[in-house]
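The values are calculated or read from the model by the stated rules, or taken from the named source; none is laboratory data. This one's a predicted model, so the numbers in the text were calculated from it and none came from an experiment. Using ideal geometry, Cβ is built from the backbone for each residue, glycine included, and neighbour counts are taken over all protein chains shown.
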């Protein structure tokens, strides 16, 4: 049904695309347009941020022109000289092309022309790149992915100087460089080009862009619809373990646009890869919009590309860093160049949302095109408004029915709970159903580990994924989620994981003092259902909001359950005793446990186990309802890590053995501040006396939060019927409670 | 000789002090003066930073007034409510007093009056504080030190509202509160009051301040000259292990001013405690200056107090954080309130150094007195200049002849090497002769661990020193210094360590491209001499400056030497192989080794051992000349740490066994940058091919730095004669070298 829908969409689009040969013969036409350039030239000197962006780009390009062009014979992985040089070449060429148009100075066109002819001279005899690691080796780079980056940028550079070149020069470039280049990354590497994956998006867009410049209909079709007969075997996988060929799957740019984005604009691999993938999506969509505006690519799938920019910005912390869901390198943020592109394009070609201007202002630069000018003009004219991030629920899956990701926020990003109940996330997905992380004003409090890779740092495995990414980062125990019997979700198998997703129970952000998300996972461990409800609540009798975590596990068989909290910062105090071992040994021998040292082991000394710690000058306490037989484990990442690829981060793990049904309930309470300058502690200790499970059945779970000044709040979640209109009645300890909707919060004492 | 000199100085001062009874009867007179208040009132509304400081202080005080006064019965250690409340009381009272003077609004005087009478009502029956940990328990606080803080601030508050009170009210306060309070912290606690220690400085200044307000000559004398017959036993020690009573030692404020400061203004305990001690020194000196300007306290010992402000500011990194020499909590910086005091007073009562204004500007606040007004006016009038920190050598010891601390800097604080060859540093000293730390634009690259304490965080041992401060932080192996036979310098014994200091060989910052410090230590290990030369050099053929470290050890007996580098950040690559253990065990059982896990063990695979790592987006390589028999140990802090009091930080330790004389030579090379936003690596790898010892005798040590592009630089240090006028001739490998002065740097290929 889904495939039929896509097919229909594609057919409809094809009807529109047919008269492509009628497209504009003008250049530039892809990103910059002739009319746009005229407007830009007239605005020079009058739009501060645009002028500043021109000036800094000019400075950067002028230095490169002075240094001279180098197109070395490719030898290195990322991080090595030849890799970084070729990468810099295409980035600078694209900028030089834009400067040629804006400043009308031939030296920029000559620089691009000379560089292109150096490539033209070397490309025809260039063998496949000597480094063997990729499933799809490029020529200039070790993987076709980077060759595609090159072509996507160079197509823009070429477009900018197209009219500066003679017809003979253009023919030489087309025949010796661009067409063979496009063929190499597509028909010669269908395993790279012809799939649903961010790699293919780059390949498709690159082929399409150069097709548009060259006016080569075959390439444009190949970009939009993929290769019909790619000769690939169904079930083939790449070196990350992702599927290359899936039965009946359409390919090409439009299929890639259809598939990984949910209707809400969430990209199934997560924000780190979304940031990377946005660039080819937006750039080719924009080129199509400029050359064929009637195709309305930006409006495709109900405007999904522009929605995706909004989703991406919302998946960042208070400082603009993307939440590291799935494989993600921490520190990537909306300051990335691809987000400058995304924000400027979303502003100009979207609905001129003034909140985007405040992000652009922080970025401090704009694109050297019409969209960048438009943003800079609006900023100059004082139209900016703060970008306000609130709680958001983003569906996953092409149809929006494969789980999702929710972010609960409180205040001006004082607290943000990132809750993942999504699909597998393709080959970059982690086995972490119902996992969460917690941020406080941009600081990680309970962290998601992210990936194990040092992107473009050659000393670390050529800058590529390291083996601990598989053995540690993807495993369930590396996440703030539940591991059963020391085995990862779906046994850590992609074939199984990619068939399933969690299910939303409800998301409710209707009340300022209560933000809730609740979801179930029934497939990670056959026979076991996990149901996690997370909430930020601010009971009237509390000075600060609390994060409530209810993990309800149902299983007929008995198991061991491990629920970790990867806290950042400094242990201060516990209300339980624990022993530390005289030497540190790993917690297990597989599924990530081999990378965890046991640093301490204890047992609860009360029904409410408390753990107090300090992160970046802020105090927190975790209070958990525990049983006397629970084990409390302090663990440290870093065992069996012969190359020091892992950070020595800590976790507190709640372990419960030999149980079937079980309920884990915790509250994370931010309650104070510390300054190393004033050396003043404000509210360093918890205000909670106890956390109790007041009621727990298949239908309802109720917990009571008791404070030190003897007040109590009750939170009830309806486990079965989440309808906002549903009326509930429940008797707990002799008292009747009635409420409407999926949850109830009440101060009871 | 030294004591005689001090005695003579004191006698001379006493002559001047005699006519104290003639002092001003006006109030306020301590910090604010009647004339000063008039100027301030006239300036209101015209000096932005002063007005802002008044406004923010007013806001803070008004909130407290609205909340009401609370003077609880003392029960807690620091971090606990009663401690923090009483602390806040004296801080707010001092501010309220200043506001009363500036704004002429009785509500502030009434607030201070009411608070003082609440204290007056409770103090007479108040027993000694119930918490037993201190060698000198206070009444309001667990230690007399905090009671002294209270009195020093309250004296100012009292002075501000003195004329607002009736004579009867003043008598009541004097008799029931202030005089008994002053007696309690002095004659009832001579072990606290009558020594050379920052504790006593607070005590002396507090007693002196209240004496000045009360016009009580006995208290003033007691403040200046201590208690003549204190009845204390010689050799008595406090709970930190510091000496309380030293034979023949003078006491009181003037002796405390004489002794811990070197003529350069370095405070022997280090900058963290200097910052703390500066406040009573400056405040009481200023009060004396206002009441008895003819005493010229600020000019005492050649202006040492104002020099001390300059020394302190220079002992901070690029972001203003103090270098954590000896016991020091990281994060303390010139943003501390006591540095606002120091900077404002140093500007106003010193020579109006316009560079101080840029620090004041960063602090964003000024004192509510004449000095704060003066700074704010100068800032308003655009007189500010950048505070430029360059290489500096600060002597230690009252006479400046007990070693010192040098900071080598390159560029605008691009690099800073902090080199310690000082005296013991009283009871807060660490056993780390010739240790160093390295900073790069404010980031720690090679760290000094600092203290083990969470100041004012009650959950951690009442906020006091933790036992790991002694067992780990003070030990030699916790520092970037040499440990012999797994035993700390001076066997970790204060009695021995406090008799010795290292000796400067030379300090030379005469050349922009070479900054050198060289010092010897002959007493840490009897029979062994350590001679360390550290330099920042920028050979012509290098793009970046290098940090050169030459540790020359001489011993007739054979020993094991351990030389650690406590690197921050992420291990990237080594050029040697190492094994990681399957479980982690401690490296030893005493002298700090019991807190280090062995994480990896290897041997050099070449004469130049290389270790490449990443800190805060910057790449570094350590290249060391090594022998095949050396052991290379990766260590991690955190063993035998049952309360999680230690950070899990890392070190690379060079171990050499069974040798007498030995030479350790290393180069730390900052060579590149990485951004997680652009994901671009710039120069991630070392440019060095080798580091070789070309020559090594008692007289000279010469090393050759070879680059990958086959160039070489030679650095020679004269181990015997450091005179700048000395001519040296040396033949190395058939080539003659001649030069003038203690070192020679030459590009030889």
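Okay, residues lined up against (1) touching a helix residue (DSSP H, G or I) at 6+ places or on another chain (Cβ under 7 Å); (2) over 30 Å from residue A:616 (Cα atoms); (3) in contact (Cβ under 8 Å) with a residue 24 or more places away in the chain:
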residue: A:346; (1), (2), (3): yes, yes, yes
residue: A:363; (1), (2), (3): yes, no, yes
residue: A:367; (1), (2), (3): yes, yes, yes
residue: A:373; (1), (2), (3): yes, yes, yes
residue: A:405; (1), (2), (3): no, no, yes
residue: A:417; (1), (2), (3): no, no, yes
For the range B:699-712, enumerate the residues that are more than 14 Å from chain A (Cβ to nearest Cβ) and either surrounded by fewer than 17 Cβ atoms within 10 Å (Cβ to Cβ) or part of a loop (DSSP other than H, G, I, E, B) (or both). B:699, B:710, B:711
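Residue-by-condition table, conditions (1) more than 29 Å from residue A:570 (Cβ to Cβ); (2) touching a strand residue (DSSP E or B) at 6+ places or on another chain (Cβ under 9 Å); (3) away from chain B (no Cβ under 14 Å):
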position	(1), (2), (3)
A:475	no, yes, yes
A:478	no, yes, yes
A:484	yes, yes, yes
A:487	yes, no, yes
A:514	yes, yes, yes
Return yes or no: is residue B:340 modelled with pLDDT under 95, assigned to a helix (DSSP H, G or I) and surrounded by fewer than 24 Cβ atoms within 10 Å (Cβ to Cβ)? no
Determine whether residue B:357 is in a loop (DSSP other than H, G, I, E, B) and closer than 20 Å to residue B:48 by Cα. no
Leading residue by the ranking (nearest to the chain's Cα centre (by Cα)) among those in the range A:576-591 that are farther than 18 Å from residue B:584 by Cβ and more than 11 Å from chain B (Cβ to nearest Cβ): A:591
Pick from the range B:538-570 the residues that are surrounded by fewer than 22 Cβ atoms within 10 Å (Cβ to Cβ) and within 14 Å of chain A (Cβ to nearest Cβ): which of them is farthest from residue A:641 (Cα to Cα)? B:568
Condition check for residue B:125: more than 30 Å from the chain's Cα centre (by Cα) and in a helix (DSSP H, G or I): no
Just checking, which of A:726, A:690, A:625, A:650 is under 36 Å from the mean Cα position of the chain (by Cα) and not assigned by TED's automatic domain parsing to the domain that holds residue A:550? A:726
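Within the range B:69-82, does at least one residue satisfy the condition of being closer than 19 Å to residue B:206 by Cα, in the same structural domain as residue B:244 (by TED's automatic domain parsing) and either part of a helix (DSSP H, G or I) or out of contact with any strand residue (DSSP E or B) (no Cβ under 9 Å at 6 or more places or on another chain) (or both)?
The answer is no; no qualifying residue exists.
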Would you check which residues across the range B:93-110 are within 15 Å of residue B:153 (Cβ to Cβ) and not in a helix (DSSP H, G or I) and list them? none
Condition test on residue A:696, is it assigned by TED's automatic domain parsing to the domain that holds residue A:596, over 30 Å from residue A:637 (Cβ atoms) and touching a residue at least 12 places away in the same chain (Cβ under 8 Å)? no
Looking only at residues in the range A:73-88 that are in contact (Cβ under 8 Å) with a residue 60 or more places away in the chain and over 27 Å from the mean Cα position of the chain (by Cα), which one is farthest from the other protein chains (Cβ to nearest Cβ)? A:74
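Every residue, every condition in (1) in a loop (DSSP other than H, G, I, E, B); (2) under 12 Å from the mean Cα position of the chain (by Cα), yes or no:
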position: A:311; (1), (2): no, yes
position: A:335; (1), (2): yes, no
position: A:362; (1), (2): no, no
position: A:374; (1), (2): no, no
position: A:383; (1), (2): yes, no
Quick check on the range B:469-482. Is at least one of its residues more than 21 Å from the chain's Cα centre (by Cα), in the same structural domain as residue B:664 (by TED's automatic domain parsing) and under 30 Å from residue B:698 (Cα atoms)? yes
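May I ask you to say which residue of B:398, B:406, B:416 is in a strand (DSSP E or B) and under 30 Å from residue B:255 (Cα atoms)? Walk me through how you get there before you give the answer.
On the way: B:398 fails: in a strand (DSSP E or B); B:416 fails: under 30 Å from residue B:255 (Cα atoms).
One residue alone meets the criteria, B:406.
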Do we find that residue A:597 is in contact (Cβ under 8 Å) with a residue 40 or more places away in the chain, more than 34 Å from the chain's Cα centre (by Cα) and either within 8 Å of another protein chain (Cβ to nearest Cβ) or in a strand (DSSP E or B) (or both) in this structure? no
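I'd like to check which strands (runs of 3 or more DSSP E) are fully inside the range A:617-698 and have at least 1 residues that are surrounded by fewer than 20 Cβ atoms within 10 Å (Cβ to Cβ) and within 13 Å of chain B (Cβ to nearest Cβ).
Answer list for the range A:617-698: A:618-625, A:662-675, A:680-682.
Tell me, which residue of the range B:442-465 that is away from every other protein chain (no Cβ under 12 Å) and part of a loop (DSSP other than H, G, I, E, B) is surrounded by the fewest Cβ atoms within 10 Å (Cβ to Cβ)? Reasoning before the result, please.
Step one: filter the range B:442-465 for residues away from every other protein chain (no Cβ under 12 Å), giving B:442-449, B:464-465.
Now restrict to residues that are part of a loop (DSSP other than H, G, I, E, B): B:442, B:447-449, B:464.
Working: B:442: 14, B:447: 24, B:448: 25, B:449: 25, B:464: 23.
So the residue we want is B:442.
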What's the number of the only condition in (1) surrounded by fewer than 21 Cβ atoms within 10 Å (Cβ to Cβ); (2) out of contact with any strand residue (DSSP E or B) (no Cβ under 6 Å at 6 or more places or on another chain); (3) touching a residue at least 40 places away in the same chain (Cβ under 8 Å) that residue B:526 fails to meet? (3)
From (1) under 18 Å from the mean Cα position of the chain (by Cα); (2) at pLDDT 95 or above; (3) farther than 19 Å from residue B:311 by Cα, pick out the condition that doesn't hold for residue B:445. (1)
Quick one: would you say residue B:395 is within 14 Å of another protein chain (Cβ to nearest Cβ), under 21 Å from residue B:437 (Cβ atoms) and at pLDDT 95 or above? no
Just checking, how many residues over the range A:607-616 are more than 9 Å from every other protein chain (Cβ to nearest Cβ) and touching a residue at least 60 places away in the same chain (Cβ under 8 Å)? 5
